[in-house]
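The values are calculated or read from the model by the stated rules, or taken from the named source; none is laboratory data. Nothing here was measured: the structure is a model prediction, and the numbers come from that model. Every residue, glycine as well, gets a Cβ built from its backbone with ideal geometry; the counts of neighbours run over all protein chains shown.
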Amino acid sequence: MAIKFYSHGACREVTGSKHFLDIDGRLLQVDCGMFQGRREESYRKNRQMPFDAKAVHSLILTHAHFDHSGALPILVKNGFDGNIHATSATRDITQIILLDSAHIQQKDYEFIQEKSKKYPEREMTVYDPLYNAEEAVQPLRHFVTVDYRRKFHPLDGVTAEFFDAGHILGAATVHLTLPGGLNIGFSGDLGREGLPIIRDPDVLPPMDYLVLEGTYGDRLHKSIGMAGEELAELIHKADARRSKILIPAFTIERTQELIYIIHTLQQEGRVPKLPIFIDSPMAVNATAIFKIHPECFDEETVRRFISVNVDPFGFENISYVVSSVESKKINDFQGPAIIISASGMAESGRILHHLIQHIENPDNIIAIVGFMAENTLGRRLAERAKEVKIFGRPYLLKAEIATLNAFSAHADYAETIAWLKRHDLQRLKKIFLVHGEDAALENLQRELLGIGIPAVEIVEYGAVHELN
Ligand SMILES: [Zn+2]
């Protein structure tokens, strides 16, 4: 029996997760994420898959995030004809993410095409969309959904089981038993204890090998419990000032976490009930998916809401805004309010209109609740720039900026190690590190060796490891 492991993505980087087990010539893929980065490089890396999609027999999808699921339509387009195994919440969220991506790609394409016609001297390259909406739907036909802790067989002779990753709704870590009895685990994206709504990361059965993510391998987060305290303080401030709180937030998970935390603060009588607007059609769709997957909820959510027949995401002072007419009406709203809108990094979407409306009033608050990449408006806001440009026009940044550091869906290195220590590690031969930048992976490697893990290797793109 020859078993090999290698990766074609998320090697010394955080996007494009694609891992492979070659089991006597049969290929099992784990995740099929999109590379994200500079336009030209990501287009090239995403378009040309360095492996034969037809040769992949079966796929396991750990969770719906775009950097794990976004290249599924390309895989199917290139001839993949196997099953995609995932939890049913992952399948449902993946559908939203893939369709949204097709839509964004089409918009981008039209925008660049128009620009290149207008400024031919710039010699811009126009890249076709990698897939359209019709193609984005095709992977959904391959899904076989399995709940947590139900054994399934992605290949003959291979037994797999999903465990809670504590990362986003539906996210799983995977434990595999391969022919010959070897056990390997994939962390997917490892979440954190205490995140609202979803259960904490589970402990996996004993493993010989573990493929572990290291996104925050060199960082320590504030405890998630702080998020409620910090939000409560902002809500009181806005109430006293009769002003607005604007929150650019990712539509999946972060938006629902915010709603959940505010709802519980209200239930406990710790904050006044300010009007809350969830202004993003995608966030509305994503929240609907949360509502139909109570099987993913943690004990607290079941106790507080499900068992007493209360909707965690619906209450009297929250409005979900779909149409752009309704969205514009929020501008006329007088008095204190909370506006949660996309995009998460304030690069596009309705949050821009709200920023224009409120950014120059020092009484208003802009809350930063997520990672802001370089060269995004969100980063400029987080860094408290004096002036920012929105739709090409300069605005003075006078609103108060509040950074809430407690929000993160990834474990930091101390949380990763605490999670690992709960396992039976007697059989563990090696940990493979993926999904992180150099400094993070190198620090995590040192920390893991420090607690006595016998071998820890940072996975290089395409490098083949024999497992035995
Ligand atoms: Zn993720």
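Restricting the range 364-380 to residues that are without any contact (Cβ under 8 Å) to a residue 40 or more places away in the chain and farther than 13 Å from LEU404 by Cβ leaves a set whose member that is surrounded by the most Cβ atoms within 10 Å (Cβ to Cβ) is LEU377. Scanning the range 400-459 for residues that are closer than 21 Å to TYR209 by Cβ, in a strand (DSSP E or B) and out of contact with any Asp or Glu (no Cβ under 8 Å at 6 or more places or on another chain) yields VAL456, GLU457.
Across the range 176-192, not a single residue is classified as surrounded by fewer than 22 Cβ atoms within 10 Å (Cβ to Cβ), more than 16 Å from the ligand (Cβ to nearest atom), under 30 Å from PRO312 (Cα atoms) and not hydrophobic (A, V, I, L, M, F, W, C).
Taking the range 285-360 and the helices (runs of 4 or more DSSP H) fully enclosed by it, the elements with 1 or more residues that are in contact (Cβ under 8 Å) with a residue 40 or more places away in the chain and closer than 26 Å to LEU98 by Cα are at 324-329, 351-358. When the residues of the range 35-58 are filtered to those that are within 19 Å of the chain's Cα centre (by Cα) and more than 16 Å from the ligand (Cβ to nearest atom), the one that is surrounded by the fewest Cβ atoms within 10 Å (Cβ to Cβ) is GLY37. Scanning the range 1-34 for residues that are surrounded by 21 or more Cβ atoms within 10 Å (Cβ to Cβ) and farther than 27 Å from THR177 by Cα returns a single hit, MET34. Listed by first and then second residue, the pairs linking a residue in the range 157-172 that is modelled with pLDDT of 95 or more to a residue that is within 11 Å of the ligand (Cβ to nearest atom) and among the charged types (D, E, K, R), with Cβ atoms under 6 Å apart and 6 or more places separating them unless they lie on different chains, are HIS167/ASP189; ILE168/GLU253. Of the candidates ALA406, ALA439, ALA399, the single residue that is more than 16 Å from the ligand (Cβ to nearest atom), closer than 18 Å to VAL14 by Cβ and hydrophobic (A, V, I, L, M, F, W, C) is ALA439. Counting only strands (runs of 3 or more DSSP E) that fall entirely inside the range 170-262 and contain at least 2 residues that are under 15 Å from the mean Cα position of the chain (by Cα) and not assigned by TED's automatic domain parsing to the domain that holds ALA346, the qualifying elements are 172-177.
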